[in-house]
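**Q** Encoded as structure tokens, here's the structure I'll be asking about.
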Amino acid sequence: MNKFSHLNIHSQYSISDGLVRLDELSSKAKDLNFESIAITDDSNLFGFVKFYKEMRDKGIKPICGVNFNSVKDISDNSESGKLTLYAKNFEGYRNLTKLVSKSHIEGRIRSIPHLKLEWLKDLNEGLILLSGDMEGHIADAILKNNFELAEARIDFFKKIFNEDFFIEISRLGREREEDYINIVSSMAAKAKIPLVATNQVRFMEEEEFEAHETRVCIQTGNVLSDPARKKNYLSTQYFKSTDEMFELFEDIPEALENSYLISQKCNLVIELGKYILPDFETPNGETEDDYLKKISIEGLHKIFGDEVKEDYFLRLDFELSVIQKMGYSGYFLIVADFVNWAKENDVPVGPGRGSGAGSLVAYAIGITGLDPIKYDLLFERFLNPDRISNPDFDIDFCKDGREKVIEYVTNKYGQDSVAQISTLGTMAARAVVRDVARAQGKSYSLADRLAKLIPFHPDMTLKTALQNKELKQAIKNDEDAEEIIEMSQKLEGLSRNVGKHAAGVVMAPSKITDFSALYLDEETGAVSTQYDMKDIELVGLQKFDFLGLKTLTIMKNALKLINQNRQTLKLEPINLDDLPLDDSKTYQLLQKGLTTAVFQLESRGIKEYIVKLKPNNFEDIITLIALYRPGPLEMNMVETYIERKHGREEFSYGDESVEKILDKTHGVIVYQEQVMQLAQEFSGFTLGEADILRRAMGKKIASEMEEQKEPFITGAIEKGKNKRFAEGLFDQIEKFAGYGFNRSHSAAYAFISYQTAWLKAHYPAEFMSAVLSSEMDDTDKIQMLLDDCKLLGLKVLPPDINSSFYEFRNIDNETLMYGLGAIKGVGKSAIESIIDNRTLKGNFKTLSDFSSRIDTEKVGKRALEPLIASGSMDSFQSSREEMFVNIESALKFARQVSEEKKSGIDDLFGDVELPNVVPITKAKTIEFDKSLGELNSLGFYFSCHPMDEYKWEIEQICPNRISSLNEDKNIQRCAGVITTKRTIQGRRGPVTFATLDDGTEKIEIILGSDVMQSMQVELNNKDIFIVDGKVTVDNSREVLYGLAKKIEVTNINTLENLRIRMVEKLRISLIESKKSNIESFKRLLDDLDTESSIGCPVELKYTSKKSEAEIEFDEDRRILLTNNTMKALLNTYGRDNLELMYHRR
């Protein structure tokens, strides 16, 4: 019987090419009776563990291989060629992971990993080498007719690999292929090197060739139809059967048999699922178990003093016994070590996250910050003694200090033993549609329209999206659209790029490369494992999650400001971990809904519930965080909790054991721990068994839940409970368990919520300074936070070159100074340079003084313009207009001073102040808009708003402010200025999304193509727009500082156009004593735009001591009420002497 193994296959994880999905590969390989196969992805092992598991599950031997780009010398890319290596055993696997790692970290050439041939001399044990067929080093020499070099290269590889070196041949239908096979066969025979035949498989079926070409074009950025595109693949590179291969190589059958010989040599076995941690070095050589017990007991005494209650020791002993039995003492010690190092080195750590907060041992040794007994948190939710489960502490660190902690563990356990974890980005539904359209050369607008018809959801697939009638219709009516979707379905889910896990870090007991190959991110220089989170744990490494939480950074910075002030007052510093949880001022702030920037409680939707709930204890906060999620919201569980808390809804527990557990939540099953406790108290489950019940209910698998129902009912009856009540309780638990939340997580996060609320209630200026400083890159958030400052009674002073710092700072308890770092276009180095100079030499007095002192390499025109526009230089006694005109001369002066300093001229005069030599010219050469300048430099209007000037007029036609708009089916009107806009291609034409700002709030306006076509003026940021449409409000938890309100526009116009059309009369009031007014009026009429057909009638109201008269002017003196006309009238007469009489419909 013919024996053959495919030894050159690129899978879906090959990144650069490869269409082979592992499930399809294993199924077809089994159907075709293959005993073994290899994947040899391009320079990586990303998919090997998944491949290994998949093949073993199907009874096929998995062979670990890698195709390499290789060179003689990395520095000059000399003698490049392909080769393939296979692991015969575990030693070979380790050498392969090392070679892959070196190619990524040391061998990048134009970003592509390369293997240096010299490395093979030291890392060849346990490896088999294939020569790389026509792309290899030997073929390169043969095809150049340099047979002597080809023989030398054969000799080079033979000396290293001996009988584990094979020469690869393939018959794919390439030019000069048979010439190469004939020549290399002779050379192989002469050198006694066996041939091996492969098919260089890149896809499963021949008809998938086009899909593979599309996949390659997506990676290379090429278009399929481009005649200049390099075509490296052929339709013959599919997964052929053994018979097809023997027919292809009937003249060289031994080349196929050798593939089977290689497969027999490869017997790699990897033990999956066995965890191996680094050894934790205890201080006095104790065992890890003994040391953990010792520091746990010491920790309890440190927290509670000498009077530790007996139930704490009982709980501690139980937890320690489970931890020791499962072999996780070292894990707890490692986590406690880096957590406590962080705390000792000014890196704030969160009180806990996830189920880990339920461990008393973790609390005692400093990993978590909540007493699990006090807050009724369960250890079994974290580690179940009745079921093998791995501990998983997710640790929140201050975002700015997270890297310091990772650096600490890297130094402690060794650079080669610590790495972050890679993730593979895939061709998701929306993205693959855009990618395919680009590769096919289809229009961007079509791709964009199709992509937007696919719902935006992380788990969305094209199969699900195609249930959308609009998408179906789009495909039905457009052949190009059909081609895009059809191809996208073939490529969906394939690996697209390499990323990094947001938090995961692994620590190995030896080198990481003993377990996984490494990947280098060239942009950041970060090294990560090639195995993803699941696979890295399968090969034995425990994942540690180092999460960066911005709120901890905010709290740290706020405390720094607070304690600096307290130190000057000789007061003790604030410690947020020691706060009383019954502070009335904190709960008053919560009850008012003033929770912007309060952790977890800042969305619009949750604010509404907070006001209704009126929380007055810590338990309310824990519960609200647990309930404010889609499932419980859909079930109206929040409303039920609120109504029962305030005694407006009657309910019954029905049993004392139920009341004991659900009393805190007024009979509502909120937490997963409550499900476990009900099973324990009501039906006699152990907490370990109860955790299995919780998991079954959480999965909502009917068969598993049915398995749990009988013991639950039986156990209840044995405890003397009523059977019917027990069945009803099980049904109730089953109904709500799927929505139950982890109480440990909710309690830990509620503690941070309380801490931030306390800071905001007691130290609003310092807290808001820290919050604003954390959001300096997001002007939308800055504006929302400034509005919140007003609600708190805080004044925020404008940016000032002589008073501001890089970040926001409070001057006193009621005043904040704007941070220069929040000004667009001014880099941090420029700001630091300015502040350093100010600190050294004092305040800047004039533009010329500033120019003489700045470093022009750091502070150029691009920095000066936004500094002036934002008002940061208003203290210079020159207008912004004047300073703008003088920027060039100021910088010229600055460069002159700099040159003079370099040449030593300034030494002649010492500290004598240079004269003000920058000529300040009057700003009549430019048109300067103060409010627009602030919008461009700050992202919003700060000291003035374009609406201010016309507020009196707008109120006549638009009484609503955006802040007062609520969702309504009726048409509503609002006014404002456009701050941002973008246009996309919708199914019925272009759709424009813009932001409208009226100074009280922003709203997103949505304009369809029909509205846009009817507009008389293009959207711009200078005009005031009056908008009519239907308002919707999104109060979902995702909307924090974003635009919750939207208006679908039915009509839009500028204030100027409406004024011209709708004002029936302009009345101007003049007083006799002010004769200059009368004269100026006559001159003004001559200068203003007059238009008899569309102009506005003018009425003069003249008042003297004796009489009052009204004069109406002739038709030919009608005034066209443009914005320029209004400005001239306002400048001349002032707001109080003008009256616009709008037509009332």
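What follows is calculated from the coordinates using simple rules that are stated; it is not laboratory data. Quick caveat, the model's predicted, so the values are computed rather than measured. Using ideal geometry, Cβ is built from the backbone for each residue, glycine included, and neighbour counts are taken over all protein chains shown.
**Q** Find how many whole Å separate the alpha carbon centroid of the stretch 189-229 from the alpha carbon centroid of the stretch 1092-1145.
**A** 79 Å
**Q** Normalising by the residue count of the chain, find the relative contact order in percent from Cα pairs under 8 Å and 6+ residues apart.
**A** Details: 1986 pairs, mean separation 80.3, N = 1145.
For the chain, the relative contact order is 7 percent.
**Q** Using 19 Å as the cut-off for backbone N distance, which residues of the stretch 227-249 belong to the label zone defined by a point 7 Å from the Cα of LEU32 along Cα→Cβ?
**A** 233-249
**Q** Take every Cα-Cα distance within the stretch 288-398, group them into 5 Å bins from 0 onward, and report for each bin the whole-number percent of pairs it holds.
**A** With a bin width of 5 Å, the distribution comes to 2, 12, 25, 27, 21, 10, 3, 0.
**Q** What percentage of all Cα-Cα pairs in the chain are separated by more than 48 Å? Mind dumping the intermediate values first?
**A** Numbers: 320259 of 654940 pairs.
Percentage above 48 Å: 49.
**Q** Right, something else. Compute the whole-percent fraction of alpha carbon pairs in the stretch 428-575 spaced more than 25 Å apart. Provide the component values of the computation, followed by the final result.
**A** Details: 6378 of 10878 pairs.
In whole percent, the share of Cα-Cα pairs in the stretch 428-575 beyond 25 Å is 59.
**Q** Check ASN384: other-chain or 5+ apart residues with amide H under 5 Å from its amide H, H built from backbone geometry?
**A** Answer set, sorted by chain and number: SER389.
**Q** A further question on this structure: Quick check: the angle from helix 764-774's long axis to the longest principal axis of the chain, C-alpha only, nearest 10 degrees?
**A** 50 degrees
**Q** Let's see if you can work this out: charge +1 on each Lys and Arg Cβ, -1 on each Asp and Glu Cβ, no other charges. What is the dipole magnitude of the chain about its Cα centre, in debye to the nearest 20? Could the numbers behind the result be given before it?
**A** Details: 148 positive and 185 negative charges, 400 e Å.
It works out to roughly 1920 debye.
**Q** Counting other Cβ atoms within 10 Å of each Cβ, which chymotrypsin sites (Phe, Trp or Tyr not before Pro) in the stretch 381-473 have at most 12 and sit in a DSSP loop? Show your work: numbers first, answer last.
**A** Working: sites: PHE382, PHE393, PHE397, TYR408, TYR413, TYR444, PHE456; in loops: PHE382, PHE393, PHE456.
Of the chymotrypsin sites (Phe, Trp or Tyr not before Pro), the ones in loops of the stretch 381-473 whose Cβ has at most 12 other Cβ atoms within 10 Å are PHE456.
**Q** Number of Lys pairs in the stretch 288-398 with C-alpha atoms less than 19 angstrom apart, excluding same-chain neighbours closer than eight positions?
**A** 9
**Q** Just to confirm the number: angle between the C-alpha axis of helix 90-105 and the first principal axis of the chain, 0 to 90 degrees, nearest 10?
**A** Its long axis makes an angle of about 30 degrees.
**Q** Under Stokes-Einstein, with the Kirkwood radius over Cα pairs standing in for Rh, what whole-number D in µm²/s applies to the stretch 638-758 at 10 °C and 1.306 mPa s?
**A** On the way: Rh = 15.1 Å.
Estimated via Stokes-Einstein, D reaches 105 µm²/s.
**Q** For GLU151, what charge total do you get from the other residues with a beta carbon under 14 Å from its beta carbon, if Lys and Arg give +1 and Asp and Glu give -1? Mind dumping the intermediate values first?
**A** Details: positive: LYS144, ARG153, LYS158, LYS159, LYS190, LYS192; negative: ASP140, GLU148, ASP155.
The answer is +3.
**Q** A follow-up question, please. For THR1054, list long-range residues whose amide hydrogen, built 1.01 Å from N in the peptide plane, is under 5 Å from its own amide hydrogen.
**A** ILE1026
**Q** I've got another one for you. When only Cα pairs under 8 Å and 6 or more residues apart are kept, what is the percent relative contact order across the stretch 667-814?
**A** Averaging sequence separation for qualifying contacts and normalising by length gives 22 percent for the stretch 667-814.
**Q** How much of the DSSP bridge set in the chain is antiparallel, in percent, rounded to the nearest 5?
**A** Values: 73 of 109 bridges.
Just about 65 percent of them are antiparallel.
**Q** Same structure again: For the pairs LYS3/LYS30; LYS664/LYS699; LYS452/LYS1046; LYS404/LYS556, flag any whose C-alpha to C-alpha distance is greater than 21 Å.
**A** Numbers: LYS3/LYS30 14 Å; LYS664/LYS699 26 Å; LYS452/LYS1046 19 Å; LYS404/LYS556 15 Å.
Over 21 Å Cα-Cα: LYS664/LYS699.
**Q** Follow-up. So what's the angle, to the nearest 10 degrees on a 0 to 90 scale, between helix 479-491 and the longest Cα principal axis of the chain?
**A** 50 degrees
**Q** Considering only the other residues whose Cβ falls under 13 Å of the Cβ of LYS511, what net charge follows from Lys and Arg at +1 and Asp and Glu at -1? Before the final figure, lay out each step's value.
**A** Details: positive: ARG94, LYS98, LYS102; negative: ASP416, ASP514.
Summing Lys/Arg as +1 and Asp/Glu as -1 gives +1.
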